[in-house]
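Since the structure comes first, as structure tokens, the remarks are kept for the end.
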Amino acid sequence: MTRRFAIKHAFTLLLLAIGLAGALVARWAGAPMPFMLGALAASAAMAGVFGAHYPKDYAFPMPVRLLFIGVIGVMIGAQVDPGLFTNAGGFVVSLGAVSLFVLASQFINMAIYYRIGGYDKATAWFSGSPGGLVEAVTMGEEAGGDVRVLTILQFLRIILVVSILPVALSIWNGAPVGSAAGLSLTRDGGGLVQLPLVLVLVLAGHVLGRTVRLPAGQLTGPLVAAAIVSWLGWASLDMPPWLLAMAQVVLGVHLGVRFHGVGRALLVKAVGMSLISVTVMLGLGLGLALAVGWATGIPLEVLIISYAPGGVTEMGLVAISLSANPTLVTMHHLFRITLTVLLLSLARRLGMLHLR
């Protein structure tokens, strides 16, 4: 058991090293968000080419992922300020648009996966949810859906959004966005002195998230803890840009590892279906962002990221990297995920779709 434990952790270090190498190559090439996308591409390629040689039952260590999710939560919480809701009316309008996005995306995706993809109704319905990955897979399996398809389609939604959105925004802006080479989250560059406080806030936030049962508590708990400390002026939370780069590499590798063990035929079809679904959702999100931005004055880039159906952690990280009000973005995504899970639960309880 000890030897197997050591092998898995050594392999994790190898994957992180490969992810970092991919990130540095992407940064050298001038790619948008190089540390996340480069690490994702490198680890996905590793899974595709050498997946058969992975340690038995290998999975990326959850404690490592949770640590850096907590770090991202602290980064977001450190940027909370009293002026967050100065445009409260616009915020309400924007959340209303998120509601429209969730309803439209859910039923459009259902049609895509059922009519075009040929998946059964349960698999199509729960695969098509624009959020709530864990809940969608769990409820979908209970409803008789294909858990392999559910899992890969839900992860592909996040992976494709994380991959496409920075590229699309780079084209939109006419220059690569989110490059850590030019990113500065602090006035002085930060240093190791901040790490003990960050780790304390991550731990306290995880306890808070689990105790209060906050949605996405592994992220929102540290976010709330950091927001309290920052807002009350108890401590400075200026953090070094290299910590953001590390978080991007870890999340990129975690997403890339998800390609391990997926059959080629299943993956090819799933990627094709997901591309259709994600393209439609991003187009829908862009249309809503343009309308809401015109009506409320909320910056368009913030709204585009807020309506992109990626994971709350990944979208928060994108917002941090682009300096696009990550707190506001995160709140939009928490609302999207909560509403999506409620819709999935309601549909099952009412037997709306006769999934069994």
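The values are calculated or read from the model by the stated rules, or taken from the named source; none is laboratory data. Because the structure is a prediction, the values reported are computed rather than measured. Don't worry about glycine lacking a Cβ; one is built from the backbone with ideal geometry, like all the others, and counts go over all protein chains shown.
Numbers at a glance
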read-out	value
Residue within segment 281-290 that is at pLDDT 85 or above, surrounded by fewer than 16 Cβ atoms within 10 Å (Cβ to Cβ) and under 19 Å from the mean Cα position of the chain (by Cα) present	yes
Qualifying position, being hydrophobic (A, V, I, L, M, F, W, C) and in contact with a Pro (Cβ under 8 Å, 6 or more places away or on another chain), among Val137, Val161	Val161
Selection from segment 326-356 of residues that are crowded, with 20+ Cβ neighbours inside 10 Å and at pLDDT below 85	Leu355
Residue match in segment 261-273 (condition: of a type in the set (Lys, Arg), part of a helix (DSSP H, G or I) and either within 16 Å of the chain's Cα centre (by Cα) or under 17 Å from Val98 (Cβ atoms) (or both))	no
Filtered residues of segment 147-167 (kept if farther than 25 Å from Gln248 by Cα and either touching a Lys or Arg at 6+ places or on another chain (Cβ under 7 Å) or at pLDDT below 90 (or both))	Val147, Arg148
Unique residue being touching a helix residue (DSSP H, G or I) at 6+ places or on another chain (Cβ under 9 Å), within 20 Å of Asp120 (Cβ to Cβ) and free of Cβ contacts under 8 Å to residues at least 60 places away in the same chain when the list is Gly293, Gly263	Gly263
Per-region count, segment 16-36, residues surrounded by fewer than 23 Cβ atoms within 10 Å (Cβ to Cβ) and either under 20 Å from Leu317 (Cβ atoms) or of a type in the set (A, V, I, L, M) (or both)	11
